[in-house]
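Below: one structure, written as structure tokens.
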Amino acid sequence: MSEQDYLNAKAMKINKNSTINEILSAYPEAKRFFNEREMACSSCFAVNFDTLEKGALMHGLEVNVLIDQLNSFLKTLPTPIASVQQK
């Protein structure tokens, strides 16, 4: 992932209508988040069209809680030095 792609991904607003594929494309590290919740999203055929809401429902999770947890997880990821310098 290029630095610009990484910076663009950081601007992504995750909501219940975000597809899991969009999230994984923007944040490849999110694979670990989903795996820790026994959501094998990266290997599921539905990843291309299922929304976060549908994925949560399929796994018996509350979508708003999942979004909060995902956003908290994403905040722990390292930020490229260049993006810090641009602020």
| note | Hits in segment 28-44: amide N under 14 Å from the 7 Å Cα→Cβ extension of M58, namely 34-35, 38-44
| said: Please report the net charge: other residues with Cβ closer than 15 Å to the Cβ of T19, K and R +1, D and E -1. | reply: +1
| task | Using the Kirkwood radius over Cα pairs, work out the Stokes-Einstein diffusion coefficient for segment 26-76 at 25 °C and 0.890 mPa s, in µm²/s as a whole number. | result | 220
| task | For N48 paired with K13, estimate the spin-label separation in nm (one decimal), with each label point 7 Å from Cα along the Cα-to-Cβ line. | result | 2.9
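Sorting F33, F49, F73 on the 10 Å Cβ count, fewest up front, what's the list?
Neighbour counts put them in this order, fewest first: F49, F73, F33.
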| Taking neighbour Cβ counts within 10 Å as the exposure measure, how do R32, R37 sort from fewest upward? | R32, R37
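Laboratory data are not the source of any read-out in this text; all were calculated from the coordinates shown. Predicted model only: the values in this text are computed from it and were never measured. All Cβ positions, even for glycine, are placed from backbone atoms using ideal geometry, and neighbour counts span all protein chains on display.
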